[in-house]
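Notes to accompany the following structure.
The values are calculated or read from the model by the stated rules, or taken from the named source; none is laboratory data. What you see is a predicted model; the values in this text were computed from it and never measured. Positions of Cβ are generated from backbone atoms using ideal geometry, with glycine treated the same way; all protein chains shown enter the neighbour counts.
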Amino acid sequence: MALDALRGIGKRRGQPAEEPTLEIGDEGGGDVISCPSCSRPILAEAPRCPGCGTRFILGVAYRKAGIFVAVGAVAGLLVGGTTMALASPGASGIGGGGGTTPGASTVPVESLPAIGVAALRQAVAIDARLSGAVPGLKSLASAKKPDAVAIAEQLRSIAADAAVGADAATRLRTWGAAADAQAQLATLYDAIRTTARDGLNARISSAAAYKSAAQRMLTVLGGLPDADASARAFGAAAGVDLPTPVPAP
């Protein structure tokens, strides 16, 4: 009996524990997703893919999330440097007896909050990413035999971008003058996330359901140009330099 017990311990230590079989889009909240690196079905809250080892932060691949964080940090540093330059005596004419530097923004420094400007720039960057996803989603939605897995991956990617955009829209609230643009962006990002979540609740075996989800997402993304134009118009009026908009697909 003791020998059998030792053999049992050795077996447990020497063999990896069996993992439950998961199905993407399974019922119960749609908490099973596909790893973007190896397409292995994993739990949405898993910190790492057991197949390829890809790490995740809030459901977003570690490398992708790191890119978003880096973009936000760089934007914040650039805005902070611009604000300090505008506030310096040489730029504003305070204490130096000189006038305003030719070509400088005429918007008062206090109306350009660093957090708000960084959030606005990040929002329009996210808009460009969302716009870039439209052609691929159109192709998937128009295919005679829709690829449910590919559509699911595209919906998750779009939802991840919208989540970052929603965070930027929240931070844009600190800039009272941006209320109208902020509201349009926030409404758009929320609609994108809701549409993606509803579509991903379907079973991955239902190609028709995922095709319908892709078409609904394209309808929601149809409001992207107007929301982005509103944000850019506000930025131009405030004297904020923004990236060149991506042509509508």
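For this structure, a couple of remarks:
- As a summary of the residue check, ASP127 satisfies the conditions (1) assigned to a helix (DSSP H, G or I); (2) farther than 18 Å from PRO245 by Cα except for the one numbered (2).
- Among residues of the range 137-156 that are closer than 17 Å to THR219 by Cα, those with a beta-carbon under 6 Å from a residue that is assigned to a helix (DSSP H, G or I) and among the β-branched types (Val, Ile, Thr) at least six positions away or on a different chain give the pairs LEU140/ILE151.
- Complete set of residues in the range 201-225 that are among the aliphatic types (A, V, I, L, M) and in contact with a Pro (Cβ under 8 Å, 6 or more places away or on another chain): ALA207, ALA208, ALA214
- Hits in the range 144-170 (condition: among the basic types (Lys, Arg) and farther than 17 Å from VAL134 by Cβ): LYS144, LYS145
- Lone qualifier among ALA119, ALA141 - being at pLDDT 95 or above, part of a helix (DSSP H, G or I) and farther than 14 Å from LYS211 by Cα: ALA119
- Residue in the range 186-195 that is in contact with an Asp or Glu (Cβ under 9 Å, 6 or more places away or on another chain), under 15 Å from LEU137 (Cβ atoms) and either modelled with pLDDT of 95 or more or among the β-branched types (Val, Ile, Thr) (or both) present: yes
- Some residue of the range 196-211 being assigned to a helix (DSSP H, G or I), of a type in the set (S, T, N, Q) and surrounded by fewer than 21 Cβ atoms within 10 Å (Cβ to Cβ): no
- Scanning the range 212-222 for residues that are surrounded by 15 or more Cβ atoms within 10 Å (Cβ to Cβ), small (Gly, Ala, Ser) and within 20 Å of the chain's Cα centre (by Cα) yields ALA213, ALA214.
- Search result, residues across the range 226-249 that are loosely packed, with under 14 Cβ neighbours inside 10 Å and outside any loop (DSSP other than H, G, I, E, B): ASP226, ALA233, ALA236, ALA237
- Pairs with Cβ under 7 Å, 6+ apart, first in the range 218-246 and on the phi < 0 side of the Ramachandran plot, second hydroxyl-bearing (Ser, Thr, Tyr) and at pLDDT 95 or above: VAL220/THR195; LEU224/SER131; VAL246/SER131
- Just one of the numbered conditions (1) more than 15 Å from ARG129 (Cα to Cα); (2) at pLDDT 95 or above; (3) surrounded by 15 or more Cβ atoms within 10 Å (Cβ to Cβ) is not true of ARG173: (2).
One line per residue, one yes/no per condition, for (1) modelled with pLDDT of 95 or more; (2) more than 33 Å from the chain's Cα centre (by Cα); (3) exposed (fewer than 13 other Cβ atoms within 10 Å of the Cβ); (4) over 24 Å from GLY222 (Cβ atoms):
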position: PRO89; (1), (2), (3), (4): no, yes, yes, yes
position: GLY93; (1), (2), (3), (4): no, yes, no, yes
position: PRO102; (1), (2), (3), (4): no, yes, yes, yes
position: THR106; (1), (2), (3), (4): no, no, yes, yes
